[in-house]
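Below you'll find the structure, written out as structure tokens, and then a few comments.
The values are calculated or read from the model by the stated rules, or taken from the named source; none is laboratory data. Only a predicted model underlies this, so the values are computations on that prediction, with no experimental measurement involved. Virtual Cβ from ideal backbone geometry, glycine too; neighbours counted across all protein chains shown. For accessibility, only protein heavy atoms count, side chains too; no ligands or nucleic acids. Shrake-Rupley method; radii C 1.70, N 1.55, O 1.52, S 1.80 Å.
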Amino acid sequence: MMNITRQLRPSLAKALMPTAMRAMSADSKLVELTMNEKTGIATVTMNRPPVNSLNLELLQGLLKAFEGLEDDRKCRGMILTSSSPTVFSAGLDIMEMYKPKPDRVKEFWTTLQDVWLALYGSSFPTVAAINGHSPAGGCLLSLCCEYRIMCPNYSIGLNETKLGIVAPKWFMSSMLGAIPYREAELALTSGRMFSTDEALKIGLIDEVASDKADAIAKSEKFLSQFAKIHPIARKLTKLNLRHSALEWMQENKELDLNIFISFVGQPIVQKSLEKYLEGLKAKQAK
Amino acid sequence: MMNITRQLRPSLAKALMPTAMRAMSADSKLVELTMNEKTGIATVTMNRPPVNSLNLELLQGLLKAFEGLEDDRKCRGMILTSSSPTVFSAGLDIMEMYKPKPDRVKEFWTTLQDVWLALYGSSFPTVAAINGHSPAGGCLLSLCCEYRIMCPNYSIGLNETKLGIVAPKWFMSSMLGAIPYREAELALTSGRMFSTDEALKIGLIDEVASDKADAIAKSEKFLSQFAKIHPIARKLTKLNLRHSALEWMQENKELDLNIFISFVGQPIVQKSLEKYLEGLKAKQAK
Amino acid sequence: MMNITRQLRPSLAKALMPTAMRAMSADSKLVELTMNEKTGIATVTMNRPPVNSLNLELLQGLLKAFEGLEDDRKCRGMILTSSSPTVFSAGLDIMEMYKPKPDRVKEFWTTLQDVWLALYGSSFPTVAAINGHSPAGGCLLSLCCEYRIMCPNYSIGLNETKLGIVAPKWFMSSMLGAIPYREAELALTSGRMFSTDEALKIGLIDEVASDKADAIAKSEKFLSQFAKIHPIARKLTKLNLRHSALEWMQENKELDLNIFISFVGQPIVQKSLEKYLEGLKAKQAK
């Protein structure tokens, strides 16, 4: 197994450059990509301490990783995980929405759409090894994968309504790919966060792992079942099943972007974000 | 808590007037609406003895109650229940379909459509406290709510095929919001009525309550979880999820009405209703 | 109970003629149709030894049987089963796809579409008594029925990806009528075959029977519940529920045919079929 972020894939390394430049040191690059040359299983690790908040650069790193794997004939599967000991991803970075610059916030949302398209519609099989809390956008990333394995005593859910916001249609369809409509409606309207055990019971995750190493091992086991499946037949089967959600996004990126931009532009939303950030600062000052 | 049917909402009281005039006394008004001023939880009680058959006036009463709550900023949730000790609602009043006057039967069906639109698409969270049998149209009303709590040893279901009729598309989509397609197909084609325990097992209801008071208490507990959820985020989340069913109805009211009118107009249907009513009379005469 | 294939329905017998001519003797006709005159329950038995591979003639036999029952006012239900002791149906006959003649392969696929339309959209209630293995096309036939009863220790599933091919959209929607999307995606992408017990647990079948006689008895019991249901109300309820899948097929037969023809015409597919058939021959030679 070797790290291919720079060594093997110069085009990918170049694409990740802005991230690397910001990160200042090789250890703190935002997305780590390793490939097991023997099995063809890639591991994509989110690495934006402390909680993998999804800002533009982290999303760009994920997008380039997914697109790189899409072009990599050796890739037979991908595990998405986190370098944090307690958080998979805390969701969208609130700083991208607070007093946003028009160009950047547009690029931010468009990149999130593209990450979703690349991950939800990937050719290769995908597993989320959820080694920590996974609210909102973090939950969304895991729902794009085909299988979810989670460590004990964390929480997961699309809790947007609890934050006073509305999960976009594609967040909803991602959840409906995992749990029945009836459960999704209850979960989404109440913004419910599920414990690992509750998530297993309802089908929001598929397996529980004792720790991150166990989650990775179980992910590899899940992916190994596809070793004898023809990758093109598998890919077409997956894309046919996910067709209508993917097609909706492809046809409505502009509309969906405008809804988000207009939401973020509301004075009441900006005030609410300001309050939230002041609360965070006060906490940190203590 | 106070009764606001007349005192607080003159426009609502006026709308309910025809009902009240028919009902002759204040005690027998067809729909009772109370509001807990502290919690913002409204209770809508169907009160058309003996079995809450849904005739035009009862439907009009329900519609005005739902529309009134929609306009009421204080409303944070609604419980739908029945004043009968053994029946939630027996479903559509057969007298509305037997030898119907063209204008009235048209208004009857259109009002049923509007009740469905108002309840299935309400901004505020809704619970059915099902304190009695709930066949056909009674089951439909409960399925429009977001949560169902039922007292023991009653029955519930869309049993239209057992009556020789076909549940309209929106009855079906309401059921598909609660139970999986596979179960809904079996239930709908066989017109199956479920006992309280069977309904819980299949997901047609969410909780069992020991009696009406317990059902109301459990309903209030369910609704209380939304106290801290931003009502607009919640409303938009619900309406986005229910969008396609609501949109279908809005676009097909006329078509759906014509199907019903043409069904009721068939001589074979009228003969069958006549027979059914004669059977009822014979029973009552004994 | 009597066999009506020839005696009662000359038009049906005529339609089955090519089959009968090939089959050489009455005992080996490809589809047996019996009718219980008392209950109105028909039994359609696939009888193409050794494994009921679905070739053009077997499909034509099934189509004529289903169409005949559709026209038969006495028919109140149908049981689909197999004369083989260990196989329900092995799925599509690979010989129809290997070096195919253009006219025949076109008729083959069109007939499969028509069989699906006739069975998935039948007026009468349908049960599959699955008395043996049921992969791919065999599983599809059972999924078209409204209820599935299976004998122990067999396997069932849409295992197309394991064969390097892609289950068409209507295979997928048939499976989605039985099990939740989440389970269907896992099953279809991995081409998973389920044991009888696993199939019961996941909902791919509804009941387990000890043997074929028990499967038939249980099928009759399932169908008997419809004796008191008005057949037209039942039929319309079923067709309304299955409307969108049926409509898709009616509108896309040509497109779906072209996809299949172009798939079969690929040199790589022909080579793969050749290899597979050589493997079979080698096995038989041992």
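Among the residues of segment A:250-280 satisfying the criterion of being farther than 17 Å from A:LYS99 by Cα and of a type in the set (D, E, K, R), which is surrounded by the most Cβ atoms within 10 Å (Cβ to Cβ)?
Result: A:ASP256.
Going through segment C:45-80 one residue at a time, which ones are surrounded by 24 or more Cβ atoms within 10 Å (Cβ to Cβ) and under 17 Å from C:TYR147 (Cβ atoms)?
C:PHE66, C:LEU69, C:GLY77, C:MET78, C:ILE79, C:LEU80 - these are the residues of segment C:45-80 that are surrounded by 24 or more Cβ atoms within 10 Å (Cβ to Cβ) and under 17 Å from C:TYR147 (Cβ atoms).
For segment C:214-227, what are the residues that are more than 20 Å from the chain's Cα centre (by Cα) and open to solvent by 60 Å² or more (accessible area, probe 1.4 Å)?
C:LYS221, C:SER224, C:GLN225, C:ALA227, listed by residue number.
Suppose we filter segment A:83-99 for residues that are more than 14 Å from the chain's Cα centre (by Cα) and on the phi > 0 side of the Ramachandran plot; how many remain?
1
Please determine whether any residue of segment C:156-174 is without any contact (Cβ under 8 Å) to a residue 12 or more places away in the chain, within 24 Å of A:LEU143 (Cβ to Cβ), surrounded by fewer than 20 Cβ atoms within 10 Å (Cβ to Cβ) and within 12 Å of chain A (Cβ to nearest Cβ).
No, every residue in segment C:156-174 fails to be without any contact (Cβ under 8 Å) to a residue 12 or more places away in the chain, within 24 Å of A:LEU143 (Cβ to Cβ), surrounded by fewer than 20 Cβ atoms within 10 Å (Cβ to Cβ) and within 12 Å of chain A (Cβ to nearest Cβ).
Does segment C:121-144 hold any residues that are open to solvent by less than 10 Å² (accessible area, probe 1.4 Å), under 17 Å from C:TRP170 (Cα atoms) and over 10 Å from the mean Cα position of the chain (by Cα), and which are they?
If the condition is that a residue be open to solvent by less than 10 Å² (accessible area, probe 1.4 Å), under 17 Å from C:TRP170 (Cα atoms) and over 10 Å from the mean Cα position of the chain (by Cα), then C:SER122 is the only one that fits.
Assuming A:TYR154 fulfils every condition listed in (1) within 20 Å of A:PRO50 (Cβ to Cβ); (2) of a type in the set (Phe, Trp, Tyr); (3) touching a Leu at 6+ places or on another chain (Cβ under 9 Å) apart from one, which condition is it?
(3)
Would it be correct to say that C:GLU70 is at pLDDT 95 or above, among the charged types (D, E, K, R) and closer than 26 Å to C:TYR154 by Cβ? Even if it seems obvious, please write down each step before you answer.
Details: at pLDDT 95 or above: yes; among the charged types (D, E, K, R): yes; closer than 26 Å to C:TYR154 by Cβ: no.
So C:GLU70 fails the test.
Checking B:SER173 against (1) more than 17 Å from B:VAL87 (Cβ to Cβ); (2) in a loop (DSSP other than H, G, I, E, B): exactly one of these is not met. Which one?
Among (1) more than 17 Å from B:VAL87 (Cβ to Cβ); (2) in a loop (DSSP other than H, G, I, E, B), the lone unmet condition for B:SER173 is (2).
Give me the residue from segment B:236-246 that is open to solvent by less than 70 Å² (accessible area, probe 1.4 Å) and more than 7 Å from chain A (Cβ to nearest Cβ) and, out of that set, nearest to B:GLU37 (Cα to Cα). Write out each step before concluding.
Restricting attention to segment B:236-246, the residues satisfying the condition of being open to solvent by less than 70 Å² (accessible area, probe 1.4 Å) are B:237-239, B:241-242, B:245-246.
Now drop any that are not more than 7 Å from chain A (Cβ to nearest Cβ), which leaves B:239, B:242, B:245-246.
Numbers: B:LEU239: 26, B:ARG242: 29, B:ALA245: 33, B:LEU246: 30 Å.
Ranking the candidates gives B:LEU239 first.
Mind counting the residues in segment A:146-155 that are surrounded by fewer than 24 Cβ atoms within 10 Å (Cβ to Cβ) and either more than 20 Å from A:GLU185 (Cβ to Cβ) or of a type in the set (A, V, I, L, M) (or both)? If you could, list the steps in order and put the result at the bottom.
At the first step, the residues of segment A:146-155 found to be surrounded by fewer than 24 Cβ atoms within 10 Å (Cβ to Cβ) are A:147, A:151-155.
Cutting the leftovers down to either more than 20 Å from A:GLU185 (Cβ to Cβ) or of a type in the set (A, V, I, L, M) (or both) gives us A:147, A:151-154.
Residues that pass the stated criteria total 5.
Taking A:LEU241 and the conditions (1) aliphatic (A, V, I, L, M); (2) touching a helix residue (DSSP H, G or I) at 6+ places or on another chain (Cβ under 6 Å); (3) touching a residue at least 60 places away in the same chain (Cβ under 8 Å), which numbered condition does it fall short on, given that it satisfies the others?
Going through (1) aliphatic (A, V, I, L, M); (2) touching a helix residue (DSSP H, G or I) at 6+ places or on another chain (Cβ under 6 Å); (3) touching a residue at least 60 places away in the same chain (Cβ under 8 Å) one by one, A:LEU241 breaks only (3).
Out of segment C:228-286, which residues are among the polar types (S, T, N, Q) and more than 24 Å from the chain's Cα centre (by Cα)? Spell out the reasoning first.
Going residue by residue through segment C:228-286, those that are among the polar types (S, T, N, Q) are C:237, C:240, C:244, C:250, C:252, C:258, C:262, C:266, C:270, C:272, C:284.
Listed by number, the residues that qualify are C:GLN266, C:GLN270, C:SER272, C:GLN284.
Inside segment B:202-220, can you point out the residues that are out of contact with any helix residue (DSSP H, G or I) (no Cβ under 9 Å at 6 or more places or on another chain) and within 14 Å of another protein chain (Cβ to nearest Cβ)? Spell out how you get there, then give the answer.
Here is the first cut: in segment B:202-220, the residues out of contact with any helix residue (DSSP H, G or I) (no Cβ under 9 Å at 6 or more places or on another chain) are B:210-220.
Matches in segment B:202-220: none.
Is there a residue being open to solvent by 70 Å² or more (accessible area, probe 1.4 Å), within 30 Å of C:THR39 (Cβ to Cβ) and β-branched (Val, Ile, Thr) anywhere in segment C:203-213?
no
One residue is enough: does segment B:183-194 have a residue meeting the conditions open to solvent by 50 Å² or more (accessible area, probe 1.4 Å), at pLDDT 95 or above and either within 20 Å of A:GLU183 (Cα to Cα) or away from chain C (no Cβ under 12 Å) (or both)?
Keep residues of segment B:183-194 that are open to solvent by 50 Å² or more (accessible area, probe 1.4 Å), which gives B:183, B:192-193.
From what is left, the residues that are at pLDDT 95 or above are B:183, B:192-193.
In the following step, the residues that additionally are either within 20 Å of A:GLU183 (Cα to Cα) or away from chain C (no Cβ under 12 Å) (or both) were identified as B:183, B:193.
Yes, that holds for at least one residue.
Would you confirm whether any residue within segment C:89-96 is under 18 Å from C:SER174 (Cα atoms) and open to solvent by less than 30 Å² (accessible area, probe 1.4 Å)? Write out each step before concluding.
The initial filter retains those residues of segment C:89-96 that are under 18 Å from C:SER174 (Cα atoms), namely C:89-92.
Then keep just the ones that are open to solvent by less than 30 Å² (accessible area, probe 1.4 Å); that gives C:89, C:91.
Yes, there is a match, as at least one residue in segment C:89-96 is under 18 Å from C:SER174 (Cα atoms) and open to solvent by less than 30 Å² (accessible area, probe 1.4 Å).
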